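Data first, discussion second: the structure below is written as structure tokens.
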Amino acid sequence: MALRDRTRWHLGANTPVTAWLTALLAVAVLHRYIPESPWLLVHLLLLGAVSNAIFVWSSHFADALLRRRATAGSRRWQGARMVALNVGVLAVVAGMVDSAWILTLVGSVVVGGAAAAHAVTLALAARTALASRFGATVRYYIYASLALPIGAGLGATLARDPLEPWHGRLLVAHITLNLLGWIGLTVMGTLVTLWPTMLRTRIADGAERVARQGLPILIGSVIVGATGALAGLQVLAAVGVAAYLGGILWAIRPLAQVARAKTPSAYATWSVMAAMIWLMGSLLGLVMVLVTSQTWQLVTDRLGLLILPFAVGFAGQVLLGALSFLVPVVLGGGPAILRGTQARMDRASAFRAVLINVGLLVAVLPVPDQVRRLVLVVVLGAFASFLPLLVIAVLFAVRARRVGPQSPIDQPSMPRYIPEPAAVAHRRHKAQAAVAVVLLLLVIGAGLLARDATLPLLAGGPGDLHMAGVACGRWITCAHRWADQPG
């Protein structure tokens, strides 16, 4: 059974996502030796991996919602936009690492142009499409794509390192437009239909009405928040962020309804659900920063506390959760192959999900830096395991489709069936093991501090690369072993 054109397209189109995630992992391990590594860690994830995924999957869902078939011409145009996006991102990254502001500016313009072209393409498709129940959610993608060019321009201005109070004002507006506008609007528009699909249940009654009502709230909140920041009005910026949080709470009501009807039970759904919780907590934290900080300099200093919750807790988890569900679906191959691919993407699901979220929770608490670094190395390993699991799942699906689902070569690798009560108990044990790992790390960190020892993990000295590489390598090895285990 040969691969379909759609499958080949998605394998190629999602390659930049995995490439940027791989680059992110490399910078995380080698960050001590790389200029601008904190900035790189955030932007390789958000501007590189997440933005590429948005370009691919917003087009995919727009075609599905508008009942529009992708043509060779539309695929070529989409490919051109993605090439422009990645060229722009590479220019921005090179400009920041090499301190070449002109290169950063050119890259920002190219990124913004690619996003604007994406918005125009989606708007034209929505205008000419037949009416459909959820066609209105495509407007989430259109307005999200219009936010990125402005946010990219503010990012280029920030690269000039302006003095306070302008640095803080530009930074808050940049975050509002890019994180809440570009990424947040896209996520909320997608989850209207994707979340019930992930849970394998029907969409809640009135979900399309709630989505239509939530969009103007979210768009208006982004505009108010960015305008307030640029005008130097912290209270107005806080009002915009608070209104955005209110819009999220309004829009997720149908999502919560279907989650109560069908409890999440896989890594994909746990990850997306946790991401939304981190988003709401991060928004509340941003409101508090804006309200309680007396100066923009203090706002800038305190925003560092929200990097992990926003970038990793929200954006990183929603990306990996969505891909864990979508990749097996587009690979296809029939029910048997689909179950096998999903099972490979879902290895150690409870362990990974709990380890990531409990670890992140510890990392954002006021713990000693040595303990935080130790916990984050393990969290990084849990995130990194997604890449080998993705490779294993893709190779399995491609091989199974070529030999056919009934071939004996395929049967030994199919996951064995586990009764639901046993599966629940198995996931509970893995979740408990993840919590135990984090507690053990806290004990080890406390012991090292008590002896006034220095952790060589991502801290400094020649032990950085070796220890971090060993830690990540062990997690990747474990991911391969999970491919032969249930649950």
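The values are calculated or read from the model by the stated rules, or taken from the named source; none is laboratory data. Please read these numbers as outputs of a predicted model, since none were measured by experiment. Methodologically, a virtual Cβ is constructed for each residue, glycine included, from the backbone with ideal geometry; neighbour enumeration extends over all protein chains shown. The area values use the complete protein model at the heavy-atom level, side chains included, leaving out ligands, DNA and RNA. Shrake-Rupley method; radii C 1.70, N 1.55, O 1.52, S 1.80 Å.
For the range 126-144, which positions are touching a residue at least 40 places away in the same chain (Cβ under 8 Å) and assigned to a helix (DSSP H, G or I)?
Step one: of the range 126-144, the residues touching a residue at least 40 places away in the same chain (Cβ under 8 Å) are 126, 129-130, 132-141, 143-144.
Those that are touching a residue at least 40 places away in the same chain (Cβ under 8 Å) and assigned to a helix (DSSP H, G or I): Ala126, Gly135, Ala136, Thr137, Val138, Arg139, Tyr140, Tyr141, Tyr143, Ala144.
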| query | What single numbered condition from (1) within 25 Å of the chain's Cα centre (by Cα); (2) closer than 28 Å to Pro264 by Cα; (3) free of Cβ contacts under 8 Å to residues at least 12 places away in the same chain fails to hold for Pro216? | reply | (2)
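Taking Val89 as the residue in question, decide whether it is assigned to a helix (DSSP H, G or I), surrounded by 20 or more Cβ atoms within 10 Å (Cβ to Cβ), at pLDDT 95 or above and not charged (D, E, K, R). Talk me through it step by step, then tell me what you get.
Values: assigned to a helix (DSSP H, G or I): yes; surrounded by 20 or more Cβ atoms within 10 Å (Cβ to Cβ): yes; at pLDDT 95 or above: yes; not charged (D, E, K, R): yes.
Yes; evaluated as a whole, the condition is true for this residue.
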| field | Filter result (of a type in the set (Val, Ile, Thr) and either touching a strand residue (DSSP E or B) at 6+ places or on another chain (Cβ under 9 Å) or open to solvent by 10 Å² or more (accessible area, probe 1.4 Å) (or both)) within the range 166-185 | value | Ile175
| When residues of the range 48-72 are limited to those that are at negative phi and of a type in the set (D, E, K, R), the one surrounded by the fewest Cβ atoms within 10 Å (Cβ to Cβ) | Arg69
| Count - residues of the range 92-111 that are within 22 Å of Ile34 (Cα to Cα) and either touching a Cys at 6+ places or on another chain (Cβ under 8 Å) or assigned to a helix (DSSP H, G or I) (or both) | 13
| Of residues in the range 349-368 being in contact with a Leu (Cβ under 9 Å, 6 or more places away or on another chain) and at pLDDT below 90, the one surrounded by the fewest Cβ atoms within 10 Å (Cβ to Cβ) | Pro368
| task | Name every residue in the range 203-213 that is among the aliphatic types (A, V, I, L, M) and either open to solvent by less than 10 Å² (accessible area, probe 1.4 Å) or more than 24 Å from the chain's Cα centre (by Cα) (or both), in order of residue number. | result | Ala204, Ala207, Val210, Ala211
| remark: When the range 266-301 is checked residue by residue, the ones that are buried (at least 17 other Cβ atoms within 10 Å of the Cβ) and over 18 Å from Leu180 (Cα atoms) are Ala266, Tyr267, Ala268, Thr269, Trp270, Ser271, Ser293, Trp296
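Residue check: is Ala147 buried (at least 19 other Cβ atoms within 10 Å of the Cβ), closer than 25 Å to Ala62 by Cβ, small (Gly, Ala, Ser) and touching a Ser or Thr at 6+ places or on another chain (Cβ under 7 Å)? Please lay out each step first, then the result.
Values: buried (at least 19 other Cβ atoms within 10 Å of the Cβ): yes; closer than 25 Å to Ala62 by Cβ: yes; small (Gly, Ala, Ser): yes; touching a Ser or Thr at 6+ places or on another chain (Cβ under 7 Å): no.
It is false that Ala147 is buried (at least 19 other Cβ atoms within 10 Å of the Cβ), closer than 25 Å to Ala62 by Cβ, small (Gly, Ala, Ser) and touching a Ser or Thr at 6+ places or on another chain (Cβ under 7 Å).
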| Test for Thr7: is it touching a Gly at 6+ places or on another chain (Cβ under 7 Å), more than 22 Å from Thr137 (Cβ to Cβ) and surrounded by fewer than 22 Cβ atoms within 10 Å (Cβ to Cβ) | yes
| request: Sort out which residues of the range 307-338 are surrounded by 22 or more Cβ atoms within 10 Å (Cβ to Cβ) and on the phi > 0 side of the Ramachandran plot, and write them in order of number. | output: Gly333
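If the requirement is being at pLDDT 95 or above and either within 21 Å of the chain's Cα centre (by Cα) or buried (at least 22 other Cβ atoms within 10 Å of the Cβ) (or both), which of these qualifies: Leu245, Leu230?
Details: Leu230 fails: either within 21 Å of the chain's Cα centre (by Cα) or buried (at least 22 other Cβ atoms within 10 Å of the Cβ) (or both).
Among Leu245, Leu230, only Leu245 is at pLDDT 95 or above and either within 21 Å of the chain's Cα centre (by Cα) or buried (at least 22 other Cβ atoms within 10 Å of the Cβ) (or both).
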| task | Output the number of the condition that Asp161 fails; it satisfies all remaining conditions of (1) assigned to a helix (DSSP H, G or I); (2) open to solvent by 30 Å² or more (accessible area, probe 1.4 Å); (3) more than 27 Å from Met273 (Cα to Cα). | result | (1)
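Of everything in the range 123-142 that's under 22 Å from the mean Cα position of the chain (by Cα) and hydrophobic (A, V, I, L, M, F, W, C), which residue is least open to solvent (accessible area, probe 1.4 Å)? Give the steps one after another, and end with the answer.
Applying the first criterion (under 22 Å from the mean Cα position of the chain (by Cα)) to the range 123-142 yields 137-142.
Narrowing the set further to residues that are hydrophobic (A, V, I, L, M, F, W, C) leaves 138, 142.
Values: Val138: 1, Ile142: 24 Å².
Selected residue: Val138.
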